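So the structure is just underneath, and the comments pick up after that.
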Amino acid sequence: MQNLLIEKTNSTPYINFNAVSGVLQIKGESFPENAAKFYNPVMEWLREYLDCTSEQTTLDFEIVYFNSSTSKIFMTIFDVLDEEVKNGKKIVVNWRCDGENETAIECGEEFEEDLRYLPFNIILF
């Protein structure tokens, strides 16, 4: 399976999904004009990857800012992962944020509250 690499822009994050290592990174700011369109290939890649792996997967988020439409996409990602963990997959999410970015911390806490099975770590730096 090919890796997915999307370079960051002024309104979209850096995305590096490595199928071999199982480390999936989303880093930066996310406020694309059309979040669904931007994240569609990301969701397709993620679903394909999950269908063909049984290895440990780590999703590292380091998002400084994101808009409400991106928030909906992130929750969709977390819901997909939560269901996969329920079905036996080994997945963990690391929500990395600046300890002084209260908004990012609160968003991570809100995402975590909505999950039942997916290990979700809030990591402050």
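To the nearest Å, what is the center-to-center distance of the range 73-108 and the range 13-36, using C-alpha atoms only?
Their Cα centres are 13 Å away from one another.
Please tell me the relative contact order of the range 4-124 in percent, rounded to the nearest whole number, where contacts are Cα pairs under 8 Å and at least six residues apart.
Result for the range 4-124 is 22 percent.
Rounded if a/c is under 1.5, else prolate if a/b beats b/c, else oblate: with a ≥ b ≥ c from the C-alpha gyration tensor eigenvalues square-rooted, which is the chain?
Oblate shape, in that a/c is at least 1.5 and b/c is the bigger or equal ratio.
Can you compute the label reach from Thr76? Point 7 Å from Cα along the Cβ direction, backbone N cut-off under 11 Å, restricted to the range 24-45.
Under 11 Å, as judged by backbone N against the label point of Thr76, lie 35-44 of the range 24-45.
Treating only the Cβ atoms of Lys and Arg (+1) and Asp and Glu (-1) as charged, compute the dipole magnitude of the chain about its Cα centre; round to the nearest 20 debye.
420 debye
Each reported figure results from applying straightforward, stated rules to the coordinates on display, with no laboratory input. All of these numbers come straight from a predicted model, not from anything done at the bench. In this analysis, Cβ positions are derived from the backbone assuming ideal geometry, glycine residues included, and neighbour counts consider all displayed protein chains.
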